[in-house]
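I have placed the structure first, in the form of structure tokens, so that the comments after it can refer back to it.
Values quoted throughout were computed directly from the atomic coordinates according to the rules given, and no laboratory measurement underlies them. All values reported here derive from a predicted model rather than from experimental measurement. All Cβ positions, glycine included, derive from the backbone under ideal geometry; neighbour counts span all protein chains shown.
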Amino acid sequence: MNPYLPHTAEDVRAMLDAIGLPDVEALFNDIPRAVRERYRPVGLPARDELAVQRHVIGLAEHSAGRRLIPFLGGGLYDHYIPPVVGHVLSRSEFSTAYTPYQAELSQGTLTWMFEFQTMICELAGMEVANASMYDGATALAEAVLMAHRTVGGKVVLAPRSLLPHLREVVATYAWGAGLALHEVPYGEDGRLALGQIPAGTCALIVQQPNGFGILEDLTGLKDCLDKAFLIAYVNPIPLAVIEPPGSFGADVIVGEGQPLGNPLSFGGPLLGFFATRMAHLRRMPGRVSGQTQDVEGRLGYVMTFQTREQHIRREGATSNICTNSALCALAATVYLAALGPNGLRRVALLCYERAHALAERITSLPGYCLAFEGLFFHEFVVRCPDPEGAVAKLRRAGIAVLPPDVLAPMGVRDGFLVAVTEKRTEGELDRFAAALEGR
Amino acid sequence: MSTIYDRGAPGRRAVALPPLTKTEQEILGAIPAGLRRREGPRLPEVSQPDLVRHYTALSRKNYGVDTGFYPLGSCTMKHNPKLHEDLARHPGFADLHPLLPVEECQGALALLWEMGECLKGIAGMPGITLQPAAGAHGELTGMLLLKRWLEDRGELGVRTKILLPDSAHGTNPASAAMAGFSVVSLPSDQRGMVDVEALKRALGPDVAGIMLTVPNTLGIFEEDILTVTELVHDAGGLCYFDGANLNAYLGRARPGDMGADVFHINLHKTFSTPHGGGGPGAGPVTVSASLLPYLPVPDIVREGARFKLVWDRPKSIGRVHPYYGNVLVIVRALAYILTLGDEGLREASAGAVLAANYLKAKLKGAYRLPYDRLAKHEFVLSGEGVGEGVRTFDIAKRLMDYGFHPPTIYFPLIVREALMIEPTETEPKEVLDAFAEAMLRIAAEAREHPELLREAPHATPVRRLDEARAVREPRLRLDLGCVG
């Protein structure tokens, strides 16, 4: 029945004889009889590969959204993934390996982790990065916990313009650690309007670009904070052309690495990245690969600074994270290597150019305008009298944008969010504008 | 080991991208100078052949389940079926945005719902969340559920302790601490099981619950499990079950029948999804009726033939994941469960436990076996006394010369010089025999030529690496010359 079991009847007999047991059931005599008697099967028959394939592909094809043209963002973006990324990932020496605890058999993993750390530091303008977190949201939550551990204080300032699902994950973690989230309002331009810093603040979160797609000006923010951490949650694509928060004194930079060579995946697996200053290294969560030498003086890599981690420090660890998003980090590494500095800049500028071209077309239609005047990058909020109706018109034209209610927790009730990547063509932009116009 | 930065030359590229309509300067000119990046990120500049050869070369310096036997204890490195890889890449999952309206993603929601039903059945528990992205994330979720439960009963700040057997999984203490609990270690008894008398002494009005690993990290089933969970419940606490070792009793026993209130499942262990060199995994959590109101939102609910997201759970702990969990991992694991069915799952645990006990029988003459009991899916040997000046570390490194990945070493902490061996059910007997043969030869070498072990490995891409130096002189990123 189990197609992955290689043991023949003779094998089983020989193994039982070596153990000295009469039958397989005797292997389970240590499970209390009462427990075994309560067992009930799920009611699942065994199926052949073809039947499983039909069933699962049937479900995959049942989601109508896959046939729509996506202008969807809100934290995850439909970027072009060069096929070379998938081909590298399909090397199963990478994908079927465990965590590189045994360095001599894991130089492949440890080397690309080191490359990944280097590339993330370069993008973020930081000194040290870990080898990945589950996703951007939990990376942000862990950054908040790290700020609290480092500077004390139980108040976390989070912008109202922070994407709701990020806020919700941070709120869950913060509650677990006994911290309180305070909201920072935004101004008419959609940008952060920081007022007085409350006593006991351990961190200010900024999102760059923010939940409306607008670029924040980080100048002077760190100066307002005293010891408290400036934590920047960034989209890595705009960082190709936008000054990284590291230059503005950010203590930690985290973000969602999905735009770097990883598919949308219905929201998971994703890729959290985490970068900070060397001074904070020992408080950083997550695994790190470090360069060293072997006994013959050859360069090699090991997992290092493990005394921060749960398997050594136990309840005193910087985090409980163990399994992370390694293979997604490899995808990001290969993606960044494939594009190089010029390719990444091209992707960023294509996104910017096309987003602004679409915004221009939309705002030239009567009744449509941008919700905020602040400069956006590749995502923007369209304000109109009937956002639900507009989204429905787009849907009829085969175009998907996020449901307007995504914006409600950020205080916008008369608009919808539009994201544009380098994958969207001129023809698709025309179709978008035409659909709104009712042509 | 050279990095990708050692390859290529300025101006090389591996991908042809679309052209811009305007010039770069025109576009960048619209961005205020203060926001515009002054110096670009230094990334590799390589051609596609450069790129492919570099990563192919790196892959050959790695060892995966597809390379060979990987008896890493508590990690369940079983075969990763290839059908599942293709299914997970299907654009109907891979290219689907999670914030699409529910009517646009019914297929994906149906799959998640179906997985939830399967896992609830396997666990014998009525509630589930698929959100946790890994085992430790599931543990944290479970601890937060306990915290909300206490808050709801007005016992937060009263019940502050989590009991933790010294044979529990390594992530457990850190997970409890992240949810604000303090940790009290519980000793094991001579059988390698929870010491019931010590448990009775530790229980009291300040205990929130216990985190149990079943079977524990010695590979021993807690034979008093019903007594243990009853004692904890009677004292007003809840029972967390760490499911990393579910492969030991799949299809034969259910945590819900043993008194579990929270149970996390590592899909990347028991349910065959590849570990990816350290992730991604998935750590769904099932709960008993007492914790249902606190599960993360949104809940995926079926109404006739439709699936919807339910947010109206006022007592929920909130989100632990920004979306629905690691969906592509769940796709693979569901395909595995559907292929095997109840009977196949039961056969998996039989094969795993048979293999573990077989290896134990073959090796216990040559290595010290601190707890000589029926093993479940794994067992723990000690490298102590195997040879003059030889440590478990040396045995592990020597195994590499024989072409095997070493077992988990120095865990659990309660066995000195521990070697934790988990063969899984997907290895044929001849591989188990070859591994046992290598272990026996190494034991002989340890007596006759201990230097062979102390200097191992000899046949790997690099030899023994200097871990102290990596800490003393931290080099955690490539030095690309003066920065900025």
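Brief remarks on what is shown
- Charged neighbours of B:V183, selected by a Cβ distance under 10 Å, balance to +1 (K, R count +1; D, E count -1).
- Pairwise label distance in nanometres, B:E448 with B:H233, each label 7 Å out on the Cα-Cβ vector: 5.7
- FRET efficiency, A:V295 to B:L440 (Cβ-Cβ, R0 22 Å, nearest 0.05): 0.25
- Take each residue of peptide A:165-172, count the partner chain Cβ atoms within 10 Å of its Cβ, and average: the result is 5.
- Bridge type composition, the protein assembly as shown - antiparallel percent by DSSP, nearest 5: 55
- A:M1 versus B:A57: modelled label distance in nm, points set 7 Å from Cα along the beta carbon direction: 5.0
- Magnitude of the charge dipole, segment B:83-339, Cβ model with Lys/Arg +1 and Asp/Glu -1, debye to 20: 320
- Cβ crowding within 10 Å ranks A:R191, B:R469 as B:R469, A:R191, fewest other Cβ atoms first.
- Qualifying lysines (Cα of each under 24 Å from Cα of B:K82; at least 8 residues distant if same chain): B:K61, B:K269, B:K429
- Average beta carbon contacts from partner chains per residue of B:247-253, 10 Å cutoff: 4
- Residue order, fewest to most surrounding Cβ atoms within 10 angstrom, among B:W311, A:W175, B:W149, A:W112: B:W311, A:W175, B:W149, A:W112
- Comparing A:F116, A:F229, A:F248 in a Gaussian network model of chain A, where Cα atoms under 10 Å apart are tied by springs, the biggest mean-square fluctuation is seen for A:F248.
- Its relative contact order, with pairs defined as Cα atoms under 8 Å and 6+ residues apart, puts chain A at 20 percent.
- GNM flexibility winner over chain A from A:L402, A:L394, A:L16 (Cα, springs under 10 Å): A:L16
- Measuring between alpha carbons in the structure, the pairs from A:K154/A:K222; B:K161/B:K376; A:K393/B:K308 lying more than 21 angstrom apart are B:K161/B:K376; A:K393/B:K308.
- Distance in nm between pseudo-label sites at A:M278 and A:A408 (7 Å out along the Cβ direction from Cα): 5.0
- Working note: 222 nm ellipticity from helices only, DSSP H runs with n ≥ 4, each -39,500 (n - 2.57), summed and divided by the residues of chain B, gives -11000 deg cm²/dmol to the nearest 500.
- DSSP beta bridges confined to segment B:159-254 are antiparallel in about 5 percent of cases.
- Mean-square fluctuations from a GNM of chain A, with a 10 angstrom spring cutoff on Cα atoms, peak among A:C351, A:C202, A:C224 at A:C224.
- 5 angstrom amide H check on A:R91, placed H, neighbours 5+ away: none
- Placing R0 at 35 angstrom, the Cβ-Cβ distance between A:Y80 and A:R54 gives a FRET efficiency of 0.70 after rounding to 0.05.
- When only Cα pairs below 8 angstrom with a gap of at least 6 residues are kept, segment B:344-469 shows a relative contact order of 29 percent.
- Placing +1 on the Cβ of every Lys and Arg and -1 on the Cβ of every Asp and Glu, with nothing else charged, gives segment B:396-484 a dipole about its Cα centre of roughly 460 debye.
- Computed magnitude of the charge dipole of the protein assembly as shown (debye, nearest 20; Cβ of K, R +1, Cβ of D, E -1): 860
- Take every Cα pair under 8 Å whose residues are at least 6 apart in sequence, average their separation, divide by the length of segment B:83-339, and the relative contact order is 28 percent.
- Debye log10 I(q)/I(0) for segment B:247-403, one point scatterer per Cα, at q = 0.14, 0.15, 0.17 Å⁻¹: -0.95, -1.04, -1.19
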